Amino acid sequence: MTEHTWSYRSTAGHLAGADLTGYKVEATDGGIGKVDKHSDEVDDSYLVVDTGPWIFGKEVLLPASTVTRIDPEERTIFVDRTKDQIKDAPEFHRDEHLDDAVYRDRLVTYYGLGGPFGGRLV
């Protein structure tokens, strides 16, 4: 089954309406920061992650489809990308990119099929 870039996987354990703010985010090779903002709107779900000192205090936007598992007891979200893959994603600026369709298309290309990591169809 093909899952959309901006939707959580059915197996991720995401519950609609759950507040993920403050959850730790783990890449496949270690922690990358904490959720600063999230959306669980249908076909527009994402995480804005504050990376703290890891990449000089920048924020990154991760499409919901990168989430593999949510552990509510540990308040941790696991994603299917490495730290370097996340660090090399198109740069995110909250005041410019949250509602920017062109930026979203760049993320779909980066994280999705045809991107550098051969992601799922979108």
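Within the listed set G22, G13, G30, the Gaussian network model of the chain (springs between alpha-carbon atoms below 10 Å) gives the highest mean-square fluctuation for G30. Hand me the chymotrypsin sites (Phe, Trp or Tyr not before Pro) from the stretch 13-112 located in a DSSP loop with no more than 16 other Cβ atoms within 10 Å, in residue order please. When the chymotrypsin sites (Phe, Trp or Tyr not before Pro) of the stretch 13-112 are filtered for loop state and at most 16 Cβ neighbours within 10 Å, F56 remain.
Distance from the alpha carbon centroid of the stretch 55-116 to that of the stretch 5-31 works out to 11 angstrom.
Sum -39500 (n - 2.57) across every DSSP H segment of at least 4 residues in the chain, then divide by the residue count to get the 222 nm mean residue ellipticity, nearest 500. Write out the running numbers ahead of the final one.
Values: 3 runs with 20 residues, N = 122.
-4000 deg cm²/dmol, from helical runs alone.
Which percent of the accessible heavy-atom area of the chain goes to carbon and sulfur, probe 1.4 angstrom?
So the carbon and sulfur contribution to the accessible surface is 49 percent.
GNM remark for the chain: springs join alpha carbons under 10 Å apart, and the peak mean-square fluctuation among L62, L98, L47 falls on L98.
Counting only Cβ charges, +1 for Lys and Arg and -1 for Asp and Glu, the dipole size of the stretch 21-91 around its Cα centre is about 260 debye.
Determine the shape class of the chain: with a ≥ b ≥ c the square roots of the Cα gyration tensor eigenvalues, call it rounded for a/c under 1.5, and otherwise prolate if a/b is greater than b/c, oblate otherwise. Because its axes are fairly even, with a/c under 1.5, the chain counts as rounded. Label separation (K58 vs A18): 2.9 nm, computed from points 7 Å beyond Cα along the C-beta direction.
The heavy atoms of K34 offer some 110 square angstrom of accessible surface to a 1.4 angstrom probe.
Determine the per residue accessible area of the chain with all protein chains present and a 1.4 angstrom probe, expressed in square angstrom. Before the final figure, lay out each step's value.
On the way: 6510 Å² over 122 residues.
The answer is 53 Å² per residue.
The values are calculated or read from the model by the stated rules, or taken from the named source; none is laboratory data. Since we're looking at a predicted model, the values are computed, not measured. Cβ sites come from the backbone with ideal geometry, for glycine too, and all protein chains shown count toward neighbours. Note: areas computed on protein heavy atoms with side chains; ligands, DNA, RNA excluded. Shrake-Rupley method; radii C 1.70, N 1.55, O 1.52, S 1.80 Å.
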